[in-house]
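Worksheet: one structure, shown below.
The values are calculated or read from the model by the stated rules, or taken from the named source; none is laboratory data. It should be emphasised that the depicted structure is a prediction, and the values quoted were computed from it without experimental measurement. As a convention, Cβ positions derive from the backbone with ideal geometry for all residues, glycine included, and neighbour counts pool all protein chains shown. We work out accessible area using only protein heavy atoms, side chains counted, and drop any ligands, DNA or RNA first. Shrake-Rupley method; radii C 1.70, N 1.55, O 1.52, S 1.80 Å.
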Amino acid sequence: MENKEQQLLTDSIRDLEMNDFSNGIVQDNKLVFIAADKTYRVRMPIQSEQALVDNKKNIAQLDYLKQEGCITRKQLIQQLKNVGVFDVDKVEEAREQLTKELKQMWLILATKSSDNKMSIEECSAKIIKIQNELKNIAIEVATQLAPSLESRLEKFTIEYLTLLCTDSQLDGKWVRVWETMEDFQKEDSSLTERACANVTWLLLNKRA
Amino acid sequence: MDYIETIRKLARSSYWQSIFTASKEVGSLRLFDNDGNYSGLQSTFLYWLRVYDLLYTELSQKEWKYLDEKVIEDDIRCDAFLYWRGQHRDAELNKNKQEQKVNNLKFKNPGKVSSFDIDLQGGN
């Protein structure tokens with residue numbers, strides 16, 4: 001066996017010994033999690049389920065539009081600005097400025113030699129700080145805009161997908177956890193929120 | 001839990017890099033249990049598999065002064081390198097375009113008319 005192949009094999013065995021590869025998160029299109037000593041999984045929706053969710057979402061949209069206080073994202077942004085509660089434009093400017101700073105820091109860090117440990121740590125700390133600020137901005141915007149029609153529909157879609165695609169393990173078999181939206185809404189929120197979070201992860205970058 | 005961190009760690013592991021290399025050579029080798037309807041996590045994992053495959057290739061070819069194994073293993077440094085490399089390549093591309101324009105202008109000089117004066121690329 002050639003040296004390179006030997007090295008590759010040695011590295012692979014070392015990795016297998018040292019790391020939990022958590023292959024489960026990519027091995028198939030499902031995510032398994034444990035809550036209150038029970039094993040659950042969320043899975044990708046099949047086409048018919050996705051079509052059902054789209055249909056339910058359209059019905060929910062018509063329903064929301066009839067409700068008092070229904071407000072679109074655009075209208076809410078203007079209203080929050082008018083009453084001086086939250087200025088999305090200013091926050092967006094701050095986000096752009098932080099993004100510029102992040103790119104500048106990336107350029108500085110990229111050209112540091114690995115021997116320059118102190119300098120690398122300093123740059124990395126600054127990058128983490130900027131990234132955290134960007135995350136906080138994203139959370140703040142999402143929180144402020146949560147009452148908007150678009151955000152409510154997004155939440156509805158995730159919840160409906162979670163309702164359809166969450167199974168629990170019973171006697172070695174996977175069975176659906178909730179049959180109806182009412183069952184889902186009656187459930188302990190710690191489980192539904194966890195399942196929704198996992199569905200969101202599973203769909204990462206997949207939804208328009 | 002940040003799955004992206006886990007996904008990147010998996011994607012750059014020698015175990016998955018070996019499987020990815022083999023799958024490119026043997027077309028029928030399956031990476032996942034499912035054949036289609038990939039989850040977002042799986043698509044993201046495939047993206048990072050390709051990125052790290054490319055980075056390890058460039059590392060072995062010593063293509064970049066600032067790329068070493070420590071850069072690949074550190075997500076923050078790796079992000080920084082990928083951004084820097086993108087900027088560097090864009091700059092190279094712009095430089096080539098500028099040179100192309102200058103060359104086209106030279107061909108268009110009056111008094112030296114020949115069949116080479118035709119700007120086939122339609123550049124300004």
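The table below lists the values:
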quantity	calculated
Near pairs, Cβ below 8 angstrom, 6+ apart or cross-chain, from the range B:70-85 (under 17 Å from B:Tyr47 (Cα atoms) and within 7 Å of chain A (Cβ to nearest Cβ)) to any residue that is among the charged types (D, E, K, R) and assigned to a helix (DSSP H, G or I)	B:Tyr83/A:Lys103
Hits in the range B:53-88 (condition: over 25 Å from A:Ser119 (Cα atoms), open to solvent by 60 Å² or more (accessible area, probe 1.4 Å) and part of a helix (DSSP H, G or I))	B:Leu54, B:Ser60
Wholly enclosed helices (runs of 4 or more DSSP H) of the range A:92-208 bearing at least 1 residues more than 22 Å from A:Tyr64 (Cα to Cα)	A:117-144, A:149-165, A:189-202
Criterion violated by A:Val85 - all others in (1) assigned to a helix (DSSP H, G or I); (2) open to solvent by 70 Å² or more (accessible area, probe 1.4 Å); (3) of a type outside the set (Phe, Trp, Tyr) satisfied	(1)
So B:Ser18, is it surrounded by fewer than 14 Cβ atoms within 10 Å (Cβ to Cβ), farther than 26 Å from A:Ile46 by Cβ, free of Cβ contacts under 8 Å to residues at least 12 places away in the same chain and within 11 Å of chain A (Cβ to nearest Cβ)	no
Close pairs (8 angstrom Cβ cut-off, 6 or more residues apart or separate chains): at positive phi in the range B:21-49, open to solvent by less than 30 Å² (accessible area, probe 1.4 Å) anywhere	B:Asn37/A:Asn29; B:Asn37/A:Met44
Number of the condition not met by A:Asn136 [criteria: (1) exposed (fewer than 14 other Cβ atoms within 10 Å of the Cβ); (2) closer than 17 Å to A:Val42 by Cα]	(2)
Conditions (1) within 14 Å of chain B (Cβ to nearest Cβ); (2) modelled with pLDDT of 95 or more; number of the one not met by A:Trp201	(2)
Given (1) open to solvent by less than 90 Å² (accessible area, probe 1.4 Å); (2) within 14 Å of chain B (Cβ to nearest Cβ); (3) part of a strand (DSSP E or B), number of the condition A:Ile34 does not satisfy	(1)
Flag for A:Glu121 being open to solvent by 70 Å² or more (accessible area, probe 1.4 Å), out of contact with any strand residue (DSSP E or B) (no Cβ under 8 Å at 6 or more places or on another chain), within 14 Å of chain B (Cβ to nearest Cβ) and more than 16 Å from A:Ala35 (Cβ to Cβ)	yes
Among the residues listed as B:Asn104, B:Asn109, B:Asn124, B:Asn94, the single one being surrounded by 13 or more Cβ atoms within 10 Å (Cβ to Cβ), away from every other protein chain (no Cβ under 13 Å) and modelled with pLDDT under 95	B:Asn104
Pick from the range B:37-52, criterion of a type outside the set (A, V, I, L, M, F, W, C) and assigned to a helix (DSSP H, G or I), ranking: most open to solvent (accessible area, probe 1.4 Å)	B:Arg50
Lone unmet requirement of (1) assigned to a loop (DSSP other than H, G, I, E, B); (2) loosely packed, with under 12 Cβ neighbours inside 10 Å; (3) not polar (S, T, N, Q) for A:Pro45	(2)
